[in-house]
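See below for the structure under consideration.
FYI, it's all coordinate maths here, none of it is from the lab. Nothing here was measured: the structure is a model prediction, and the numbers come from that model. Heads up, the Cβs are rebuilt from the backbone with ideal geometry, glycines too, and the neighbour counts pull from every protein chain shown.
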Amino acid sequence: MSQTAKKDAQKSEGFSDAERAAMKERAKELKAEARAKKDREAGEKDVLAKIAEMPEPDRAMATRLHELIKANAPALTPKTWYGMPAYAMDGKVVCFFTAASKFDSRYATFGFNDTANLDEGAMWPTSFALKALNAAEEARIVALVKKAVS
């Protein structure tokens with residue numbers, strides 16, 4: 001097998017470059033969390049810095065989501081999670097935003113982890129595609145976030 005074929009075989013196995021970068025980012029975040037576990041200001045600063053790095057329209061959506069979550073779920077602490085804005089309660093991520101640009105996706109994602117109180121019967125949505133935010137989406141997000149922390 002040629003060196004090129006070996007490299008191609010190695011690339012197809014395991015994690016992509018974007019996934020490896022996300023894992024490295026998460027390892028850095030875990031170290032930062034250990035140093036400042038309860039430091040809300042540091043978490044907010046990190047989230048705002050990550051949002052500032054995003055291209056439009058991701059930046060505008062992430063900024064607005066941050067404002068909505070802060071105003072409607074003050075119990076949630078901002079932090080970064082896999083290099084993206086997230087909001088936690090008691091150290092556990094409740095909801096998060098993933099920019100479309102992060103993985104070259106056609107839409108951004110707003111999602112919830114299992115710590116969110118969103119249960120509805122035996123099946124319910126935990127992740128939402130976002131292409132834009134208008135009043136209807138904002139109202140739905142606010143209702144979901146409030147329910148998630150209830």
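In summary, the aspartates and glutamates within cross-link reach of K28, defined as a Cα separation below 19 angstrom excluding same-chain residues under 8 places away, comprise D17, E19, D39, E41, E44, D46, E53.
Please identify, among N72, N117, N134, the residue showing maximal mean-square fluctuation in a Gaussian network model of the chain using a 10 angstrom Cα cutoff. In this elastic network of the chain, the residue with the biggest mean-square fluctuation among N72, N117, N134 is N134. On a 0 to 90° scale, report how tilted helix 40-53 is relative to the longest principal axis of the chain, with both axes built from alpha carbons and the result rounded to the nearest 10. Its long axis makes an angle of about 60 degrees.
At R0 = 30 Å, how high is the FRET efficiency between Y82 and N134 if r is their beta carbon distance? Nearest 0.05 is fine. For R0 = 30 Å, the calculated efficiency reads 0.65. Taking only Cα atoms, what is the 0 to 90° angle, nearest 10, from helix 135-148's long axis to the longest principal axis of the chain? Roughly 90 degrees between the two axes. For Cα extents along the principal axes in Å, the choices are (1) 63, 39, 34; (2) 58, 35, 35; (3) 49, 29, 22; which was calculated from the structure? It is the value labelled (2). Protection proxy ranking for 90-96, 25-31, using the average of other Cβ atoms within 10 Å per residue and placing the highest first: 90-96, 25-31.
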